[in-house]
Amino acid sequence: MGEGAGVFLLSPALSQARARARLRKIKENLTRLLLSHPQWYKDDNHKPEMAIAVGHDFSALCGFEAPARLAAALEGTPELAGVVGAGAAAALVAAAPGAEADPATFKASLKTAFTALMTAAPEVYGPAVAALAKRLEGEAAAAPATAATASTTTPPPPPPLAAKDALALRLQAQYPGDVGVLAAYFLNFLTLEDGQAIALGANEPHAYLSGDLVECMATSDNVVRAGLTPKPRDTDTLCASLTYATGAPAILGGTPLQEHTVAYAPPFDEFEVVRVRLPRGGGDTLLPPSGGPSIILVGAGAGGLAATALPLGQGGAGAAALEAAAAVARGDVLFLPAGTPLRVEGRAGGGGEGLTLWVAQVSARVLGPAPLVVPAVVAAPPATPAVEVAGVAPV
């Protein structure tokens, strides 16, 4: 296959109780990294990925803030500016107003400032993180007394702390004295609603902070870490690999394909994800065939799946339909061959939840539509579960 049609991975749904900072490394440097750190980098694949929120409490850091917001962070957070250094901080602030007209100069100043922060010695950034936390805790403690004196006829006071400041305290509680507490001020802080997604392009910093998600990625185990983690860090590679693009990333809402079915197509060709969500009382739907193989994760509920290989609708091959079915429940993972439609039926009693499937498949932009015809009539799958069947194979 072409590079865009590689194998993909659909990870189990993740629950983020602690921040998990990660960065894909650039493909052009993979050979060098494999040779220099074979204990960390195991393959020569890049790893674009997409994260889809499950529930309403998912949050993440993703990509660099817009230039004006970066300048404001350095001017308003003296502890951060102190670690970055007066010269690097002043250069970024001065370049911010002209970032649109002269993006190269601003990117250079951003790279210098961020690298100065991330490569600072622990004895430099550790005390700065402690001082930041002490200051923010004092501001938060003083806020309730101020609010109590407000008149009932005046608007309510603002929150005790800005969102980034509150996040800094949260990260400090999880990773005391970590440079990632300060790095958070450089990055966009996002909260996603259920079913919203972010696609993470090549060489963009990101950290999943809280909530549940389903994550799909290209097949690679390579991760560059530099903060908010107890695992080995490779800060030099991280700082050299970033694109230093700025601005909030696009939030994907998914495209409805039919009732109960939504597709998420990221702006790269390695994969796409389809969500099938049936109501609690049951119901059924049909997922059209993909031109490539698919991996299915049962995210919630219980029901039945039927994989059907159909005769070609044009040319009249006349081959009899071949069907295979399996009962599924939350946590099951299955493989679906290319070109196979999938009939989905929800069943009551799935833990009070409707059947939800997450289907990772090769992007239709790469392989095009499958050559099979989707039948108009949807029948119920057999009630008897199968441990392993020809069309739908449990992994």
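The values are calculated or read from the model by the stated rules, or taken from the named source; none is laboratory data. Not measured: the values here are computed from a predicted model. A quick note on method: Cβ atoms are made from the backbone with ideal geometry, for glycine too, and the neighbour counts reach across all protein chains shown.
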What is the residue count in the stretch 267-294 for residues that are part of a strand (DSSP E or B) and more than 23 Å from the chain's Cα centre (by Cα)? 4
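For ALA128, state whether it is without any contact (Cβ under 8 Å) to a residue 12 or more places away in the chain, surrounded by 16 or more Cβ atoms within 10 Å (Cβ to Cβ), in the same structural domain as THR243 (by TED's automatic domain parsing) and under 20 Å from ASP165 (Cβ atoms).
For ALA128, the condition - without any contact (Cβ under 8 Å) to a residue 12 or more places away in the chain, surrounded by 16 or more Cβ atoms within 10 Å (Cβ to Cβ), in the same structural domain as THR243 (by TED's automatic domain parsing) and under 20 Å from ASP165 (Cβ atoms) - is not met.
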All strands (runs of 3 or more DSSP E) inside the stretch 295-351 with 1 or more residues being modelled with pLDDT under 65: 302-309, 322-329
Mind listing whichever residues of the stretch 249-265 are surrounded by 15 or more Cβ atoms within 10 Å (Cβ to Cβ) and in a loop (DSSP other than H, G, I, E, B)? PRO249, GLY254, HIS260, ALA265
Specify the residue that is modelled with the lowest pLDDT; the eligible residues are those in the stretch 219-240 that are of a type in the set (Gly, Ala, Ser) and part of a loop (DSSP other than H, G, I, E, B). SER220
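Table: residues versus (1) without any contact (Cβ under 8 Å) to a residue 60 or more places away in the chain; (2) buried (at least 23 other Cβ atoms within 10 Å of the Cβ); (3) not acidic (Asp, Glu).
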position	(1), (2), (3)
ALA197	no, yes, yes
ALA202	no, no, yes
PRO205	no, yes, yes
MET217	no, no, yes
ARG233	yes, no, yes
Does any residue of the stretch 76-94 turn out to be outside any helix (DSSP H, G or I), in the same structural domain as ARG233 (by TED's automatic domain parsing) and modelled with pLDDT of 95 or more? yes
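I'm checking my understanding of the structure. Among residues of the stretch 95-107 that are outside any helix (DSSP H, G or I) and free of Cβ contacts under 8 Å to residues at least 40 places away in the same chain, which one is farthest from TYR244 (Cα to Cα)?
ALA101
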Residue check: is LEU278 in contact with a Gly (Cβ under 8 Å, 6 or more places away or on another chain), at pLDDT 85 or above and more than 25 Å from PRO48 (Cα to Cα)? yes
With the condition kept exactly as written, say whether any residue in the stretch 171-189 is in contact with a His (Cβ under 9 Å, 6 or more places away or on another chain), under 29 Å from TRP358 (Cβ atoms) and assigned to a loop (DSSP other than H, G, I, E, B). no
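State whether one or more residues within the stretch 105-116 are assigned by TED's automatic domain parsing to the domain that holds LEU242, more than 20 Å from ALA163 (Cα to Cα) and more than 30 Å from the chain's Cα centre (by Cα). Walk me through it before giving the result.
If we filter the stretch 105-116 for residues that are assigned by TED's automatic domain parsing to the domain that holds LEU242, which is where we start, we get 105-116.
Among the residues that remain, those that are also more than 20 Å from ALA163 (Cα to Cα) are: 105-116.
From what is left, the residues that are more than 30 Å from the chain's Cα centre (by Cα) are none.
Checked the stretch 105-116: no residue is assigned by TED's automatic domain parsing to the domain that holds LEU242, more than 20 Å from ALA163 (Cα to Cα) and more than 30 Å from the chain's Cα centre (by Cα).
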